[in-house]
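Sharing a structure, written as structure tokens. Questions coming.
The values are calculated or read from the model by the stated rules, or taken from the named source; none is laboratory data. Bear in mind the structure is a predicted one, so any value in this text is a computation, not a measurement. Counting neighbours? That spans all protein chains shown, and the Cβs are built from the backbone with ideal geometry, glycine included. These area figures cover heavy atoms from the full protein model, side chains too; ligands, DNA and RNA do not enter into them. Shrake-Rupley method; radii C 1.70, N 1.55, O 1.52, S 1.80 Å.
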Amino acid sequence: AAAAGAHRPGPLKQQNKAHKGGKHSGSSQRRAGGRVPVKAQPRRRLRDLSRVDRRHQALQLRRQRKEAVLAEKRSLGSRDGPPHLVAVVLLHSRAAAPGSLRLLQNQDSAVVHADEGGAGAFALLCPRLKQRWRFVTAQAGDLHTVLDLAKVADSLLFILDPVDGWDSMGEHCLSCLFAQGLPSYALAVPGGTDLPPKKRIDAKKKLAKVIEKRFPEAKLFPLNTEQESLLLLRHLSTQKQRHLTFRDRRPHLLAYTAEFVPGQESDLVGTLKVSGFVRGQTLSVNSLVHIVGHGDFQISQVDAPPDPLSLNPRVVKGQKRSQDMEVQDDSVNGADEMEEDVKVLMKADPSKQESLQSEVVPDPMEGEQTWPTEEELQEAEDSLKANRRVVKVPKGTSKYQAAWIVDDGEEGSEKDDDDEDDDMDDLMEEAVSQEGESSEEEPGEEESETMTVSECLRDDQYDEKMEEDEQMLERYKQERMDEMFPDEVDTPRDVPARVRFQKYRGLKSFRTSPWDPKENLPRDYARIFQFQDFSRTRKHLFRQIEKEETEGASVGWYVTLHVCNVPVSVMESFKEGKPLVLFSLLPHEQKMSVLNFLVRRHPSNTEPVRAKEELIFHCGFRRFRASPLFSQHTSADKHKLERFLRPDAALVVTVYAPITFPPASVLLFKQRSN
């Protein structure tokens, strides 16, 4: 065929490019014959801006950003914005707050208001600087208070010791604050004047070295004279504000005053009237509020009482009526203003109000597979018992093997194999309880050793202490074993393997084998809420927040919220001086779902943390207890469970919890006995 056929070109034959006719702009215009395409391309025009225009546009954008930053700085603590909230954190047991705070209060022509709630809290009004401040104090040891205040404070003022800076408690507090997210801060050092001048310089250098690892390039403010305190105040008001996203997207307030009105049915539950300055976003009366540490509640109405920290008390602010225009009225003095009727701004609309329902009520008939009732389970158990047969088996055969033996003889053995098996199990249990011992020992020896320990008589307390230590040691051993053999598990001696591993399944390949995520779910999954597309819902919500002007109390207004069905314990903790922090929830945030957190273990923590152990979670603005599962942080569609929190790798922690839209920081704590 090859000889008969014509010549075929080889692989090196030259291929010429085809002519690209009619691609230049002139020809396309000729072809279009004057027709204009339907869709103009605005994107291209942006790119084709002239050099001058591009420069001009960049300049405008830069100016807008600068204006926004300046406007934010000006509104903070000004007449229209909320007071500048400063949380004073004492990082050393020797650091004393009263002296430093007294210096801050002694500003010329400043008015000081002592707070009703919280010891050592006060408000400072400086008409000369046109600024108003609110200072709240917290000890580094009182961790919940510090973290709760840092959630809402505009600035943190750290009071250091002139010699050591901070102690171990202060270090722990700082690591928690850094993990939660640090707002703007300043470092103040009161004292140190009793040292001779030469030593003072040395101490200052030493202190600068200490703080450098936590706060690189941070300026230390001495706090011994009024001049220095004025410098510190000025720095706090003019420094760049650091943003915490989780609070910028949600309206929140720190209670200035609170009043509890018991309900009609019981004195333990009632309406809590919380007054404070709205921060973050416009607060709507129909959304739910979360009281940090206490739960979610509904608001019935929002009032506008007169502002107690007004820079110019004679000016009456017609907040709702005059659209923030100020009405000057000389006849109304401060006393009359207080007696003036409290204006009701908004009442909740039951049709628009968010419900408190946090769980789905499962429909027992939903889904193809119905759960067997207790009676049905009992019936099945009885029928199994009736069908049990007695089989002669070689000695040492387990129940599992016996089930597979086909018996030919009709006559039954008198001694049931079960009893023998139980005796064996008892022996095994003795052996297993000594789990730490090396397995080369004779079983007999091991058993007798167990007996001798249990016969020892000891003190009750000593006994408890020993028990705790033994449990701890056991945990350490388990963690070590889990580290050494991460992919292995022992077959237990006291439970048949088919019972122990009946929840497990075999996968041909962990990476590629299919596993339907909806298969074999726990029953609790019927009670939680799930999203069709979580990231889309989140984007949509945040876009709404940015675009829409929500009806409600604007940022900086002093309002009273009437929070319904609040337990009296909330008021009691406020009276004890703990901060009362309220966050308004975004839609869906009261509902329960499955949450995944990415967590890395802090280097200071060395105790073993087992999965399913109860931990305390600080997630964004929430605080709750839950028993989490740990799993590896991988990009696959299924993830390997971890029995312990690993010290070296980041793990994913999974819990049932109320939905929180990210970003939000997460801290995990372990509850000690005290």
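Let me confirm something: among Phe246, Phe215, which residue is free of Cβ contacts under 8 Å to residues at least 40 places away in the same chain, open to solvent by less than 30 Å² (accessible area, probe 1.4 Å), within 30 Å of the chain's Cα centre (by Cα) and more than 22 Å from Pro98 (Cβ to Cβ)? Please lay out each step first, then the result.
Working: Phe246 fails: free of Cβ contacts under 8 Å to residues at least 40 places away in the same chain.
Exactly one of Phe246, Phe215 is free of Cβ contacts under 8 Å to residues at least 40 places away in the same chain, open to solvent by less than 30 Å² (accessible area, probe 1.4 Å), within 30 Å of the chain's Cα centre (by Cα) and more than 22 Å from Pro98 (Cβ to Cβ), namely Phe215.
Inside the range 298-339, can you point out the residues that are open to solvent by 20 Å² or more (accessible area, probe 1.4 Å), assigned to a strand (DSSP E or B) and modelled with pLDDT of 80 or more?
Scanning the range 298-339 gives Ser300, Gln301.
Which ranges mark the strands (runs of 3 or more DSSP E) fully within the range 181-293 that have 1 or more residues being closer than 24 Å to Leu309 by Cα?
Output list reads 184-189, 252-254, 257-262, 269-277, 289-291.
If you take the residues in the range 62-104 that are among the polar types (S, T, N, Q) and farther than 30 Å from Pro162 by Cα, which one is most open to solvent (accessible area, probe 1.4 Å)?
Among those that are among the polar types (S, T, N, Q) and farther than 30 Å from Pro162 by Cα, it is Gln64.
Tally the residues that are open to solvent by less than 40 Å² (accessible area, probe 1.4 Å) and modelled with pLDDT of 90 or more, restricting the search to the range 261-278.
7
Something else about it: When you scan the range 569-587, how many residues do you find that are of a type outside the set (S, T, N, Q) and under 19 Å from Ile545 (Cα atoms)?
Within the range 569-587, residues that are of a type outside the set (S, T, N, Q) and under 19 Å from Ile545 (Cα atoms) number 5.
I'd like to check something: does the range 597-608 contain any residue that is free of Cβ contacts under 8 Å to residues at least 40 places away in the same chain and buried (at least 17 other Cβ atoms within 10 Å of the Cβ)?
no
Within the range 287-296, take every residue that is in contact (Cβ under 8 Å) with a residue 40 or more places away in the chain and open to solvent by less than 30 Å² (accessible area, probe 1.4 Å) and give me the one that is farthest from Ser573 (Cα to Cα).
Ranking the candidates gives Ser287 first.
Please state which of the following conditions Ser627 fails to meet, knowing it meets all the rest: (1) modelled with pLDDT of 90 or more; (2) small (Gly, Ala, Ser); (3) open to solvent by less than 60 Å² (accessible area, probe 1.4 Å).
If we test Ser627 against (1) modelled with pLDDT of 90 or more; (2) small (Gly, Ala, Ser); (3) open to solvent by less than 60 Å² (accessible area, probe 1.4 Å), just (3) comes out false.
Looking at the structure I just gave you, is Thr225 closer than 26 Å to Cys126 by Cβ, open to solvent by 50 Å² or more (accessible area, probe 1.4 Å), over 35 Å from the mean Cα position of the chain (by Cα) and touching a residue at least 40 places away in the same chain (Cβ under 8 Å)?
Working: closer than 26 Å to Cys126 by Cβ: yes; open to solvent by 50 Å² or more (accessible area, probe 1.4 Å): yes; over 35 Å from the mean Cα position of the chain (by Cα): yes; touching a residue at least 40 places away in the same chain (Cβ under 8 Å): yes.
It is true that Thr225 is closer than 26 Å to Cys126 by Cβ, open to solvent by 50 Å² or more (accessible area, probe 1.4 Å), over 35 Å from the mean Cα position of the chain (by Cα) and touching a residue at least 40 places away in the same chain (Cβ under 8 Å).
Of all residues in the range 236-260, how many are more than 23 Å from Leu147 (Cα to Cα) and either assigned by the TED database to the domain that holds Ala114 or at pLDDT below 85 (or both)?
Residues in the range 236-260 being more than 23 Å from Leu147 (Cα to Cα) and either assigned by the TED database to the domain that holds Ala114 or at pLDDT below 85 (or both): 1 in total.
Here's another thing I want to ask about it. Can you tell me which residue is nearest to Leu85 (Cα to Cα) among those in the range 138-161 that are buried (at least 24 other Cβ atoms within 10 Å of the Cβ) and over 23 Å from the mean Cα position of the chain (by Cα)?
Leu157
Name the one entry in Lys539, Lys518 that is within 26 Å of the chain's Cα centre (by Cα), of a type in the set (Lys, Arg) and either at pLDDT 90 or above or assigned to a loop (DSSP other than H, G, I, E, B) (or both).
Result: Lys539 is the single residue among Lys539, Lys518 that is within 26 Å of the chain's Cα centre (by Cα), of a type in the set (Lys, Arg) and either at pLDDT 90 or above or assigned to a loop (DSSP other than H, G, I, E, B) (or both).
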